[in-house]
1. Return the residue satisfying two criteria in turn: it lies in the range 73-90 and is without any contact (Cβ under 8 Å) to a residue 60 or more places away in the chain and of a type in the set (S, T, N, Q), and of such residues it is farthest from Tyr32 (Cα to Cα).
2. Considering Ala225, Ala185, which residue is open to solvent by less than 40 Å² (accessible area, probe 1.4 Å) and assigned to a strand (DSSP E or B)?
3. Could we say that Ala60 is buried (at least 23 other Cβ atoms within 10 Å of the Cβ) and either in a helix (DSSP H, G or I) or not hydroxyl-bearing (Ser, Thr, Tyr) (or both) here?
4. Determine which member of the set Ala47, Ala83 is among the hydrophobic types (A, V, I, L, M, F, W, C) and part of a helix (DSSP H, G or I).
5. Out of all the residues in the range 266-277, is one or more hydroxyl-bearing (Ser, Thr, Tyr) and in contact with a Leu (Cβ under 7 Å, 6 or more places away or on another chain)?
6. Kindly list the number of the only condition in (1) out of contact with any helix residue (DSSP H, G or I) (no Cβ under 7 Å at 6 or more places or on another chain); (2) more than 22 Å from Ala188 (Cα to Cα) that fails for Ala250.
7. State yes or no: is Ile70 under 30 Å from Thr26 (Cβ atoms), free of Cβ contacts under 8 Å to residues at least 60 places away in the same chain and surrounded by 14 or more Cβ atoms within 10 Å (Cβ to Cβ)?
8. Would you mention how many residues in the range 236-274 are in contact (Cβ under 8 Å) with a residue 40 or more places away in the chain and assigned to a strand (DSSP E or B)?
Amino acid sequence: MKLSIWPNAQQPWSEILELTQHAERTGWYGVYFWDHFMGDGAGFGPATTPTLESSAVLAALGALTERLRIGSLVFANTFRHPAVLANWAATLDIVTNGRLVVGLGAGWQHNEHEQYGIELGSPGKRIEMLEESCQVLRRLWQQPESSFAGKHYQLDHALCEPKPLQPHLPVLIGGKGDRMLGVVARQADEWNMWGLAPAISERSMVLEAKCDQVGRDPATILRSAQALVMVTDDARAAAEFIERVSPRAAIAGPVERFVEAVQQWAAVGVTEVIVPDMALGRGSRRLENIDALRAAVR
């Protein structure tokens, strides 16, 4: 199983860099970063908590690492115009020597859209925009010049040079609704979802049906998943943590509990587990925890 780390954006840059470089030294597969400008007032903390911007952090991490895969989890399509994103991604893929994966989502967080005057739109509109964005990205990355006449995006003999280093720059789509899984079936190289194995299994059946509708082999779509992870030998603390973060997927207990969850994910087709650092402590404790997780999963 591939294990990747997901540093919280609401911590000092020095701690993000320390965690990422430690993960690279100790055999982790990749590092991901969220795309929000502020907390949501709930599971992602108060809106007033300082939050680092994702494209800048990913570029910095890409330049300061040599091996880790670099990915967004996930860019909000509502404020990442695909033509601008295509040029950013092509450049960072070159900087990282072909280590980038572009994670995309339809966008969802109301308060950041409201504060910045960015239209969020209906779920249906956002999903339409996301699908068009995937098509725009592919054209710009793969064609000498690109034209596109969509409902939401247009290109007129558009250029994107230089091209990405990877001949097929991978696109990861995060989501779990039926309509989103249709976009995954048609457009994604990889699918990501918050959830433990039972939820992933149920949604995988929907994805497979969507793939069947468009004549695609579902095995051609890689699958990753994540849940909050707390390492503790205190059963009461573990139970309280699970209850506190519900309904978000979470694992709490000794390292063996994480190993069991990874085995269950693998059984339903997940090939990469992404570990948020939010409940792993700070400083040396956090590094000890991620070392224990990495040592236990091979």
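1. Among those that are without any contact (Cβ under 8 Å) to a residue 60 or more places away in the chain and of a type in the set (S, T, N, Q), it is Thr78.
2. Numbers: Ala185 fails: assigned to a strand (DSSP E or B).
Matching residue, one of Ala225, Ala185: Ala225.
3. Taking the combined requirement at face value, the residue does not satisfy it.
4. Details: Ala47 fails: part of a helix (DSSP H, G or I).
Of the residues listed, the single one that is among the hydrophobic types (A, V, I, L, M, F, W, C) and part of a helix (DSSP H, G or I) is Ala83.
5. Keep residues of the range 266-277 that are hydroxyl-bearing (Ser, Thr, Tyr), which gives 271.
Those still in the list that are in contact with a Leu (Cβ under 7 Å, 6 or more places away or on another chain) too: 271.
Within the range 266-277 (the criterion being hydroxyl-bearing (Ser, Thr, Tyr) and in contact with a Leu (Cβ under 7 Å, 6 or more places away or on another chain)), the answer is yes, since at least one residue qualifies.
6. (1)
7. Numbers: under 30 Å from Thr26 (Cβ atoms): yes; free of Cβ contacts under 8 Å to residues at least 60 places away in the same chain: yes; surrounded by 14 or more Cβ atoms within 10 Å (Cβ to Cβ): yes.
When the stated conditions are applied, Ile70 passes them.
8. Applying the first criterion (in contact (Cβ under 8 Å) with a residue 40 or more places away in the chain) to the range 236-274 yields 245, 248-249, 251, 255-256, 261-262, 264-274.
Then keep just the ones that are assigned to a strand (DSSP E or B); that gives 251, 272-274.
Matching residues across the range 236-274 total 4.
The values are calculated or read from the model by the stated rules, or taken from the named source; none is laboratory data. A quick note: this is a predicted structure, and the numbers were derived from the prediction, not measured. Every residue, glycine as well, gets a Cβ built from its backbone with ideal geometry; the counts of neighbours run over all protein chains shown. The protein model used for the area step is the full one, side chains on, heavy atoms only, and it has no ligands, DNA or RNA in it. Shrake-Rupley method; radii C 1.70, N 1.55, O 1.52, S 1.80 Å.
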